[in-house]
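Q: Quick one: structure below, then a few questions.
The values are calculated or read from the model by the stated rules, or taken from the named source; none is laboratory data. This is a predicted model, so every value here is computed, not measured. Note that we place each Cβ from the backbone using ideal geometry, even for glycine, and neighbour counts take in every protein chain shown. Surface areas here come from the heavy atoms of the whole protein model, side chains and all, with no ligands, DNA or RNA. Shrake-Rupley method; radii C 1.70, N 1.55, O 1.52, S 1.80 Å.
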Amino acid sequence: MICRITDLRYKEVINMRNGSVLGTVSDVEVDTVTAKVCSIIIYGRCRLFGLFWREDDIIIRWCDIEMIGEDTILVNMRPEFREHHKQKSTGLFGRLFG
């Protein structure tokens with residue numbers, strides 16, 4: 001199957017180890033030197049309508065992806081292990097006071 005990066009966006013990501021839905025693909029990290037996709041990113045869920053904060057993003061390494069289907073991506077990662085990175089913007093107050 002041939003897939004464009006834009007086709008990955010909004011696919012639902014499911015962890016095969018416990019069947020949990022992690023979210024939908026929001027972004028992709030690409031190594032510009034090797035032109036390879038390094039990971040997919042699921043943006044953190046908004047809390048309190050996104051006014052105050054968001055949860056941390058989930059970064060899933062490309063090697064943890066087991067299968068990419070029409071609507072879903074199956075990953076194999078420990079449920080307690082998630083790579084996170086800080087948000088640049090944390091809602092209304094983060095923009096005003098951050």
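Q: Suppose we keep only residues that are of a type in the set (S, T, N, Q) and open to solvent by 70 Å² or more (accessible area, probe 1.4 Å) within the stretch 1-33. Which one would you say is farthest from Met67 (Cα to Cα)?
A: Per the stated criteria, the residue is Thr32.
Q: Restricting attention to the stretch 35-47, does a residue exist that is touching a residue at least 40 places away in the same chain (Cβ under 8 Å) and open to solvent by 40 Å² or more (accessible area, probe 1.4 Å)?
A: Checking the stretch 35-47: at least one residue is touching a residue at least 40 places away in the same chain (Cβ under 8 Å) and open to solvent by 40 Å² or more (accessible area, probe 1.4 Å).
Q: Taking the condition of being on the phi < 0 side of the Ramachandran plot and either basic (Lys, Arg) or modelled with pLDDT under 50 (or both), how many residues in the stretch 48-98 meet it?
A: Total meeting the criteria: 16.
Q: Could you run through the stretch 1-25 and say how many residues are at positive phi, assigned to a loop (DSSP other than H, G, I, E, B) and either among the small types (Gly, Ala, Ser) or modelled with pLDDT of 90 or more (or both)?
A: Residues flagged as at positive phi, assigned to a loop (DSSP other than H, G, I, E, B) and either among the small types (Gly, Ala, Ser) or modelled with pLDDT of 90 or more (or both) within the stretch 1-25 amount to 1.
Q: Right, next: Pull up the stretch 9-34, narrow it to residues that are touching a Ser or Thr at 6+ places or on another chain (Cβ under 8 Å) and touching a residue at least 24 places away in the same chain (Cβ under 8 Å), then point me to the one that is nearest to Asn76 (Cα to Cα).
A: Ile14
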